[in-house]
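Structure record follows, encoded as structure tokens.
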Amino acid sequence: MRAIPTLLMCAAVMSLAGCAVGPDFRTPDAPADARYTSGPQPERLDAKDYPSQSLVEGDVPAQWWTLFRNSQLDETIRVALANSPTLTQAQAKLREAQENLAARTSATRFPQVDANFNATRQQVNLQSVGITQFPSPGPFTLYNASVQVSYALDLFGGQRRELEGLQAAVDYQRYEFEAARLSLAANVATAAIREAGLRAQLADTVAMADAQKRQLAIMQQRLGQGGVARVDVQRQQAELAQTQALIPGLSQQIDATRHQLAVYTGQTPAAAQLPEFRLEDMQLPETLPVSLPSELARRRPDIRAAEALLHQASADIGVATANLYPQITLTASGGTQAMRMSDLFNSFNVWSLAAGVVQPVFHGGELRAQKRAKEAAYEASLGAYRQAVLQGLQNVADTLRALDADAGTLQARADNAKQTRDTLAIVNEQYRLGGVSQFTVLDAERQARQAALDLAQARATRLADSAALMQALGGGWWGESETVGSLK
């Protein structure tokens, strides 16, 4: 039995000394561009009477949502990260990949050892084999105990490439988990900002309806005194009805947004405990960090996930290549047989050593076709990786341009809102003095109402695009104090 550990030691040395066939993975080169946009990249976004934003080179903080300085948003995202079923699913998939790697690592790096024990009741008839001089013995029990050891040599690195691929699968699930966390935080922030914007629009609409009600009451009094025509009163009633018709739709959109927030936080819409988000409580981040394009491929988890799939495809080529070479397996066993249990473990009287070699000779081109298929799969994964990088660059470029446009849009809508308010005040005074018709007043009210709604929407869009930029840049997950591979 001393030959067994000696044989296994030699096998281990030979495996470690062997080469790993197939390509060694190399991360593709990062983009060499110095900026994201084709023209000058915006550096400062100004809107008169509203906070300005500066775009500076730097990394996104891990908890980027705190830039909005809203404690209710911070708490809602914390609850979502703790309770979301989506993250639970992503965590489970990561653990599954880790356990698959651990299982296969143990199966390939260590010999397989199995202990066997059996007892057989036998009866031998000597006369059936031509022995008639002796009487046949009675039934007896044969006890057999043995240990079997087997080990597959990894001379050409097929097993090491397999483990490399499984590690890449773990990396893929890890980045998928980080991408899910990033998307969840961004979705919560966007939904909260949307709710805040809708509440501002609802408040403006309700205020406009109240003003129209008061004006309608005055007109009805003047109608009774013969000061206005009935058609003017009917126009005011129609305008009020049109404004009031907007209120249920805005309320429904707020409810739908809160229902979505409930799902994000792992709660049912009926029992969710959520704060009310208001636009005046949201502060625009005055400084937005923007990493270089060359760093984006290391920052966005979806790009890192695509890279992990590319790595796995590279390792699969090595596995398919190793299958073209001889497969060597070493086995050893030792045991004892006895007719009494007390004699079973006195000494090993049965042992064997074996070595098996399987060399593919003719498989009809199957193995080489499999290798070519893995090479094609690698090319497909490389294309998917490049596409992920390009889409990431596009996301950032689009968001930067959107933020630049947001500042201009906000300025224009703020100016328009002020002008329409001033115009409405002048028209109301002219109407009081009898200088303009009721139709002119209604038109001025409509313009003022629409301008106020547009302004609230512009403020919300600027906040939402600021959150979108943080998401497009990768969300700062690499800056967590915990290790990247840990489960949050």
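The values are calculated or read from the model by the stated rules, or taken from the named source; none is laboratory data. Everything quoted here is computed from the prediction, not taken from an experiment. Using ideal geometry, Cβ is built from the backbone for each residue, glycine included, and neighbour counts are taken over all protein chains shown. Areas reflect the complete protein model, heavy atoms only, side chains present, ligands, DNA and RNA absent. Shrake-Rupley method; radii C 1.70, N 1.55, O 1.52, S 1.80 Å.
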- Query: Got at least one residue in the stretch 59-69 being touching a Ser or Thr at 6+ places or on another chain (Cβ under 7 Å) and not in a loop (DSSP other than H, G, I, E, B)?
  - Reply: no
- Query: Got a sec? Which of Leu223, Leu250, Leu296, Leu261 is in a helix (DSSP H, G or I) and modelled with pLDDT under 90?
  - Reply: Leu223
- Task: Kindly indicate which of Arg258, Arg298 is closer than 22 Å to Gly476 by Cβ and surrounded by 12 or more Cβ atoms within 10 Å (Cβ to Cβ).
- Result: Arg298
- For the stretch 135-179, what are the residues that are within 19 Å of the chain's Cα centre (by Cα) and either assigned to a loop (DSSP other than H, G, I, E, B) or of a type outside the set (Gly, Ala, Ser) (or both)? Gln167, Val170, Asp171, Tyr172, Gln173, Arg174, Tyr175, Glu176, Phe177, Glu178
- Task: Sort out which residues of the stretch 45-58 are within 11 Å of Ala407 (Cβ to Cβ), open to solvent by 50 Å² or more (accessible area, probe 1.4 Å) and of a type outside the set (Phe, Trp, Tyr), and write them in order of number.
- Result: Asp46, Lys48, Pro51
- Query: Which of the residues that make up the stretch 261-280 are touching a helix residue (DSSP H, G or I) at 6+ places or on another chain (Cβ under 7 Å), in contact (Cβ under 8 Å) with a residue 40 or more places away in the chain and open to solvent by 60 Å² or more (accessible area, probe 1.4 Å)?
  - Reply: Arg278
- Query: Name the pairs whose Cβ atoms lie under 6 Å apart, with the first residue in the stretch 98-109 and of a type in the set (D, E, K, R), the second open to solvent by 40 Å² or more (accessible area, probe 1.4 Å), and 6 or more positions between them or separate chains?
  - Reply: Arg104/Leu166
- Query: Out of Pro61, Pro42, which single residue is open to solvent by less than 100 Å² (accessible area, probe 1.4 Å), touching a strand residue (DSSP E or B) at 6+ places or on another chain (Cβ under 9 Å), at pLDDT below 90 and not small (Gly, Ala, Ser)?
  - Reply: Pro42
- Mind listing whichever residues of the stretch 390-426 are farther than 23 Å from Ala464 by Cα and among the aliphatic types (A, V, I, L, M)? Leu424, Ala425, Ile426
- Note on the structure: Within the stretch 101-134, residues over 24 Å from Val358 (Cβ atoms) and part of a helix (DSSP H, G or I) come out as Leu101, Ala102, Leu126, Gln127, Ser128, Val129
- Query: What about Arg278, is it touching a Pro at 6+ places or on another chain (Cβ under 9 Å) and within 30 Å of Tyr50 (Cβ to Cβ)?
  - Reply: no
- Task: Look at Gly356 and say whether it is surrounded by 18 or more Cβ atoms within 10 Å (Cβ to Cβ), of a type outside the set (A, V, I, L, M) and either part of a strand (DSSP E or B) or modelled with pLDDT of 95 or more (or both).
- Result: no
- Message: With among the hydroxyl-bearing types (Ser, Thr, Tyr) and closer than 25 Å to Ala355 by Cα as the only criterion, which of Ser150, Ser84 stands out?
- Response: Ser150
- Query: On the given criteria, is Ala189 in a helix (DSSP H, G or I), open to solvent by 60 Å² or more (accessible area, probe 1.4 Å) and of a type outside the set (Lys, Arg)?
  - Reply: no
- Note on the structure: Within the stretch 418-432, restricting to residues that are under 48 Å from the mean Cα position of the chain (by Cα) and open to solvent by 20 Å² or more (accessible area, probe 1.4 Å), the one that is farthest from Asp204 (Cα to Cα) is Gln419
- Just a yes or no: is a residue in the stretch 433-447 closer than 23 Å to Pro301 by Cα and surrounded by fewer than 17 Cβ atoms within 10 Å (Cβ to Cβ)? no
- Query: In the stretch 245-271, what residues are among the hydrophobic types (A, V, I, L, M, F, W, C) and under 18 Å from Ile193 (Cβ atoms)?
  - Reply: Leu250, Ile254, Ala256, Leu261, Ala262, Val263
- Of all residues in the stretch 56-89 being β-branched (Val, Ile, Thr) and touching a residue at least 24 places away in the same chain (Cβ under 8 Å), the one that is nearest to His259 (Cα to Cα): Thr76
- Message: Tell me yes or no: at least one residue of the stretch 143-166 is without any contact (Cβ under 8 Å) to a residue 60 or more places away in the chain and either in contact with a strand residue (DSSP E or B) (Cβ under 6 Å, 6 or more places away or on another chain) or basic (Lys, Arg) (or both).
- Response: no
- Query: Looking at the stretch 237-246, which of the residues that are open to solvent by less than 40 Å² (accessible area, probe 1.4 Å) and of a type outside the set (S, T, N, Q) is modelled with the highest pLDDT?
  - Reply: Leu240
